[in-house]
Amino acid sequence: MSKFIVNNSGPLQGFVEVSGSKNAVLPLMAATLLTRDECRITDVPELMDVEVMCGLLRSFGAEVHWDMKERSISVKADSIIDTYAPRDLVSKMRASVVAMGPLLVRTGNAKIPLPGGCAIGDRPIDLHIKGFHALGADIRITKEESGHECVEASAAKLVGTEIYLDTPSVGATENIIMAASLADGITIIENAAQEPEIVDLANYMNKMGARIKGAGTDIIKVEGVESLHGAVHSVIPDRIEAGTFMLAAAITRGDVTIGNMLTDHVKPIAAKLRECGCIVENTLEGTRVSMGPNPPVATDIKTLPYPGFPTDVQPQFMTFLTTVQGASMILETVFENRFMHIGELNKMGADIREDGRRAFISGSAKLKGAEVMATDLRAGAALVLAGLVAEGDTVISDVYHIDRGYDSIIEKFKSIGGSIQRI
Ligand code: UD1
């Protein structure tokens, strides 16, 4: 299994370009199951999770062609031959669950083992299931011979309805939009997730002939149509990757311009960096993050659903806060178990105390290289950032988590002066 070795790199400098969004491309790929026609998605990032989603679509009978050079994926799901999502793929990637809505409405059946992915909390799928049930599906929890549980949904025809989500779940909103797109009548989703990835999905599906209004707000209206057709769509840039490079510039006290990112999508990250004293400005090439006249200082952060501060950038921001002057506090409200990086950062000399969903960070830490483990995707990114400013070698194991979500991470960091290699 490969590891990363990261070394102190001094201030990162130069230009780096963000790839297409992981969290957007996965539901877009699932949406291709909604039509028999060929669909094409462009600006696809080269990621393990995309590979897993290709495997999943193939297992349902779709023809999938991923042209990595062209960064595009073509899918033709002319006929669906299986509606069971294989356990080995689902356990690798929790987002597999978004295949359930399209499968259910297209074929009347969907069966999926309870999903895996990052271990950042219980991560139930009750809201997805409630949504399918409200649309008229029968839901059963069954046990496989191995003893593992599966969720099975079936319905002769889904019927539009009103659905209120207790929590604005991204995945549940996506699944319900897709299931409702071919249902009879109108579906209204209240307290819907407002993430840009939802807007991207709705834009794509509307190109396919769906009638979805309100994506990006907390009330989404989906008018079911008879059928959808093929369409071509390019994925939005990855706001979490963009945020990670913004933090890389900040933690190394560098000067980095990040291209192909949408500043509107990273407003809370930019606001918090400015509060710490960094300069975040838009230039012709992209968003430039550099140092202000004074050393950066502490701040407090509360993670929230979009447009609040993203939980997916919390570990990276926490790492930066270990290096600034003063004491900071982070309140994680989205996931109940998203502080696994704290133990690893403390091994590197950080001084972070965890108290339930709060983390108290003492600043001005002098980080030292250590053997650490990427416990999940964004925790892994945080350790890369820590390694860039630590004295000595930082050896990160379990980097398959990082490969799930960062396209060409080694090459990109190297291009701005990062000392990082894979062994
Ligand atoms: C998506 C992102 C992930 C991000 C997360 C929150 C993808 C592929 N992943 O994950 O990177 O960290 O949004 O921004 O897009 N919940 C329930 N019941 C459910 C579903 C969710 O209680 O049925 C809870 C979760 O436990 C969590 C919260 O809702 O506490 C948000 O989860 P959700 O928005 O569903 O996250 P994902 O779609 O899994």
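Of these, GLY277, GLY292, GLY254, which one is under 25 Å from ALA386 (Cβ atoms), over 22 Å from the mean Cα position of the chain (by Cα) and at pLDDT below 95?
GLY292
Does GLY55 meet the test of being in contact with a Pro (Cβ under 9 Å, 6 or more places away or on another chain), more than 15 Å from the ligand (Cβ to nearest atom), closer than 24 Å to HIS148 by Cα and at pLDDT 95 or above? Talk me through it step by step, then tell me what you get.
Working: in contact with a Pro (Cβ under 9 Å, 6 or more places away or on another chain): yes; more than 15 Å from the ligand (Cβ to nearest atom): yes; closer than 24 Å to HIS148 by Cα: yes; at pLDDT 95 or above: yes.
Spelling it out, GLY55 is indeed in contact with a Pro (Cβ under 9 Å, 6 or more places away or on another chain), more than 15 Å from the ligand (Cβ to nearest atom), closer than 24 Å to HIS148 by Cα and at pLDDT 95 or above.
What number of residues in region 289-313 are under 24 Å from PRO11 (Cβ atoms), outside any strand (DSSP E or B) and in contact (Cβ under 8 Å) with a residue 24 or more places away in the chain?
5
Got a number for residues in region 157-180 being open to solvent by 10 Å² or more (accessible area, probe 1.4 Å), away from the ligand (no atom under 14 Å from the Cβ) and not in a loop (DSSP other than H, G, I, E, B)?
The qualifying residues number 2.
When the residues of region 401-412 are filtered to those that are in contact with a helix residue (DSSP H, G or I) (Cβ under 7 Å, 6 or more places away or on another chain) and in a helix (DSSP H, G or I), which remaining residue is surrounded by the most Cβ atoms within 10 Å (Cβ to Cβ)?
First pass over region 401-412, keeping only residues in contact with a helix residue (DSSP H, G or I) (Cβ under 7 Å, 6 or more places away or on another chain): 401-406, 409.
With in a helix (DSSP H, G or I) added as a condition, the list becomes 401-405, 409.
Numbers: HIS401: 23, ILE402: 24, ASP403: 21, ARG404: 23, GLY405: 26, ILE409: 22.
This residue is GLY405.
Tell me which residues, restricted to region 8-36, are farther than 28 Å from ASP88 by Cβ and either in contact with a Leu (Cβ under 8 Å, 6 or more places away or on another chain) or among the hydrophobic types (A, V, I, L, M, F, W, C) (or both).
Answer for region 8-36, where residues must be farther than 28 Å from ASP88 by Cβ and either in contact with a Leu (Cβ under 8 Å, 6 or more places away or on another chain) or among the hydrophobic types (A, V, I, L, M, F, W, C) (or both): ASN8, SER9, LEU12, PHE15, VAL16, VAL18.
Go through LYS130, LYS213 for me and flag whichever is within 28 Å of ASP376 (Cβ to Cβ), of a type in the set (Lys, Arg) and either in the same structural domain as SER96 (by TED's automatic domain parsing) or more than 13 Å from the ligand (Cβ to nearest atom) (or both).
Values: LYS213 fails: within 28 Å of ASP376 (Cβ to Cβ).
After applying the criteria, what remains is LYS130.
Only one of GLU354, GLU332 is in contact with a helix residue (DSSP H, G or I) (Cβ under 9 Å, 6 or more places away or on another chain), modelled with pLDDT of 95 or more, surrounded by fewer than 21 Cβ atoms within 10 Å (Cβ to Cβ) and among the acidic types (Asp, Glu). Can you tell me which?
GLU354
Could you figure out which of (1) hydroxyl-bearing (Ser, Thr, Tyr); (2) farther than 30 Å from PRO296 by Cα; (3) not in a loop (DSSP other than H, G, I, E, B) isn't true of THR257?
(2)
Can we say ASP312 is buried (at least 22 other Cβ atoms within 10 Å of the Cβ), at pLDDT below 95 and under 25 Å from ILE258 (Cα atoms)? Reasoning before the result, please.
Working: buried (at least 22 other Cβ atoms within 10 Å of the Cβ): yes; at pLDDT below 95: no; under 25 Å from ILE258 (Cα atoms): yes.
Judged against the criteria, ASP312 is not a match.
Would you check if there is a residue in region 366-382 being hydrophobic (A, V, I, L, M, F, W, C), touching a strand residue (DSSP E or B) at 6+ places or on another chain (Cβ under 8 Å), more than 14 Å from PHE4 (Cα to Cα) and in contact (Cβ under 8 Å) with a residue 12 or more places away in the chain?
yes
Would you mind stating whether ILE112 is surrounded by fewer than 20 Cβ atoms within 10 Å (Cβ to Cβ) and either within 16 Å of the ligand (Cβ to nearest atom) or of a type in the set (A, V, I, L, M) (or both)?
no
Inside region 181-233, counting only strands (runs of 3 or more DSSP E) that do not spill past its ends, which hold 1 or more residues that are open to solvent by 20 Å² or more (accessible area, probe 1.4 Å) and aliphatic (A, V, I, L, M)?
186-190, 219-223
What do you reckon, is ASP82 open to solvent by less than 10 Å² (accessible area, probe 1.4 Å), acidic (Asp, Glu) and in contact with a helix residue (DSSP H, G or I) (Cβ under 9 Å, 6 or more places away or on another chain)?
Values: open to solvent by less than 10 Å² (accessible area, probe 1.4 Å): no; acidic (Asp, Glu): yes; in contact with a helix residue (DSSP H, G or I) (Cβ under 9 Å, 6 or more places away or on another chain): yes.
So ASP82 fails the test.
Pick from ASP264, ASP218: which is at pLDDT 95 or above and more than 20 Å from SER21 (Cβ to Cβ)?
Just one listed residue meets the conditions, ASP218.
The values are calculated or read from the model by the stated rules, or taken from the named source; none is laboratory data. None of the values given here were measured: they were computed from a predicted structure. All Cβ positions, even for glycine, are placed from backbone atoms using ideal geometry, and neighbour counts span all protein chains on display. Accessible surface is based on the protein model in full, side chains and every heavy atom, while ligands, DNA and RNA are left aside. Shrake-Rupley method; radii C 1.70, N 1.55, O 1.52, S 1.80 Å.
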